[in-house]
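Take this structure, written in structure tokens, and hold onto it; I'll ask about it next.
The values are calculated or read from the model by the stated rules, or taken from the named source; none is laboratory data. Small disclaimer: the values here were computed from a predicted structure and weren't measured. Neighbour counts are summed over all protein chains in view; Cβ atoms, including those assigned to glycine, are modelled from backbone coordinates with ideal geometry.
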Amino acid sequence: MSHVPQKRFSPFREHIHEIIFEADTPSGKAFDVALLIFIVGSIIVVMLESIAPLEAKYKIIFDVLEWVFTIFFTIEYVLRLYCVYKPMKYATSFFGVIDLLAILPAYISLIFPASQYLLVIRSLRLLRIFRIFKLGKFMKEGAMIVEALRQSTAKMTVFIVFVLLMVIVVGSLMYVIEGATPNSKFTSIPESIYWAIVTITTVGYGDISPTTPLGQFLAAVLMILGYAVIAVPTGIVSSELLAQKDEHAFESTQACRYCSKEGHDEDAEYCKYCGEILNEEDDEYIEEDMED
């Protein structure tokens, strides 16, 4: 039994969807490349604006460019909602949330001026570069990493809890050992726990350090344990990556008109998330087949 879509949009809205969401067509790829240029330009403007001498000299230019980019991204976001069948599904998707966050700071800055620098979140929109230039292998590898992290959540949680307990115990011991010495910087257990975290992660700011022989010995032990702290999570995630099997074909840049999901196989005719027809041509073919 053939699956017939619930509804269809006008050719105009279908064409808008093809331009904005698809990178397989010349017009779609041209739009996405232009979008990337606008994103990069917007990020550069925000960065330059944070430099005081440049901001003072070119403030008007920066403000104009910033609002040009913001208006463009706002229109683009509205069109994305306009040309999908379920706007809320897109709005709550990963890219939908990123697209919204890319324009909100500009409007919030009208009330809170400093918030305009949050526009650098637009850099996350550059993740579309993998889809636009058909870097399907990178998208697939990224999905494998995400899945490996998800699979290792339980092990990582146990490990993090163990590390937290260890820094609490060692920090408390260091407070007992160093707290009584003159001019000691281990003034409290929380301060000592902070030192333990900085030491075990091999960051070593040097703002707090033990002075007694016993305290230095304990610090040396904690430094050595720091290597294990780095190695264990790496091993956990690596083992999960090795366990991942590459069962997916090359993914296309096709975006479903109904649920806005991407990541379909190159030869897919139906959305693997909602089951609707992916291509308008396939939609027409099914309708003609049913009439016959």
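Can you confirm whether the stretch 5-19 contains a residue that is farther than 17 Å from Phe95 by Cα, modelled with pLDDT of 85 or more and of a type in the set (Gly, Ala, Ser)?
No, the stretch 5-19 contains no residue that is farther than 17 Å from Phe95 by Cα, modelled with pLDDT of 85 or more and of a type in the set (Gly, Ala, Ser).
Pick out the one residue from Val33, Val64 that is assigned to a helix (DSSP H, G or I), of a type in the set (Val, Ile, Thr) and either surrounded by 15 or more Cβ atoms within 10 Å (Cβ to Cβ) or at pLDDT below 90 (or both).
Working: Val64 fails: either surrounded by 15 or more Cβ atoms within 10 Å (Cβ to Cβ) or at pLDDT below 90 (or both).
Selected residue: Val33, the only one of Val33, Val64 that is assigned to a helix (DSSP H, G or I), of a type in the set (Val, Ile, Thr) and either surrounded by 15 or more Cβ atoms within 10 Å (Cβ to Cβ) or at pLDDT below 90 (or both).
Could you say whether any residue in the stretch 201-209 is assigned to a helix (DSSP H, G or I) and either in contact (Cβ under 8 Å) with a residue 24 or more places away in the chain or surrounded by 17 or more Cβ atoms within 10 Å (Cβ to Cβ) (or both)?
For the stretch 201-209, residues assigned to a helix (DSSP H, G or I) and either in contact (Cβ under 8 Å) with a residue 24 or more places away in the chain or surrounded by 17 or more Cβ atoms within 10 Å (Cβ to Cβ) (or both): absent.
Taking Tyr85 and the conditions (1) surrounded by 14 or more Cβ atoms within 10 Å (Cβ to Cβ); (2) in a helix (DSSP H, G or I); (3) out of contact with any helix residue (DSSP H, G or I) (no Cβ under 6 Å at 6 or more places or on another chain), which numbered condition does it fall short on, given that it satisfies the others?
Tyr85 satisfies all of (1) surrounded by 14 or more Cβ atoms within 10 Å (Cβ to Cβ); (2) in a helix (DSSP H, G or I); (3) out of contact with any helix residue (DSSP H, G or I) (no Cβ under 6 Å at 6 or more places or on another chain) except (2).
Let me ask something else about it. From the set of residues in the stretch 106-123 that are of a type in the set (Gly, Ala, Ser) and at pLDDT below 75, which is surrounded by the most Cβ atoms within 10 Å (Cβ to Cβ)?
Narrowing the stretch 106-123 to residues of a type in the set (Gly, Ala, Ser): 106, 109, 114-115, 123.
If we keep only those that are at pLDDT below 75 as well, we get 114-115.
Numbers: Ala114: 9, Ser115: 15.
Step by step, filter the stretch 106-123, then rank; the result is Ser115.
Are any residues in the stretch 173-194 in a helix (DSSP H, G or I), surrounded by fewer than 16 Cβ atoms within 10 Å (Cβ to Cβ) and not hydrophobic (A, V, I, L, M, F, W, C), and if so, which ones?
The answer is Pro190, and nothing else.
What is the one condition in (1) surrounded by fewer than 16 Cβ atoms within 10 Å (Cβ to Cβ); (2) touching a residue at least 24 places away in the same chain (Cβ under 8 Å) that Thr70 does not satisfy?
Of (1) surrounded by fewer than 16 Cβ atoms within 10 Å (Cβ to Cβ); (2) touching a residue at least 24 places away in the same chain (Cβ under 8 Å), only one is false for Thr70: (1).
If you don't mind, another one. Is it the case, given these coordinates, that Ser239 is of a type in the set (S, T, N, Q), out of contact with any Asp or Glu (no Cβ under 9 Å at 6 or more places or on another chain) and at pLDDT below 75? Explain how you work it out, then say what you get.
Numbers: of a type in the set (S, T, N, Q): yes; out of contact with any Asp or Glu (no Cβ under 9 Å at 6 or more places or on another chain): yes; at pLDDT below 75: no.
It is false that Ser239 is of a type in the set (S, T, N, Q), out of contact with any Asp or Glu (no Cβ under 9 Å at 6 or more places or on another chain) and at pLDDT below 75.
Residue by residue through the stretch 124-159, note down the ones that are over 15 Å from Phe94 (Cβ atoms), among the basic types (Lys, Arg) and at pLDDT 75 or above.
Result: Lys155, single match.
For the stretch 189-214: of the residues being modelled with pLDDT of 90 or more and small (Gly, Ala, Ser), which is nearest to Ile160 (Cα to Cα)?
This residue is Ala196.
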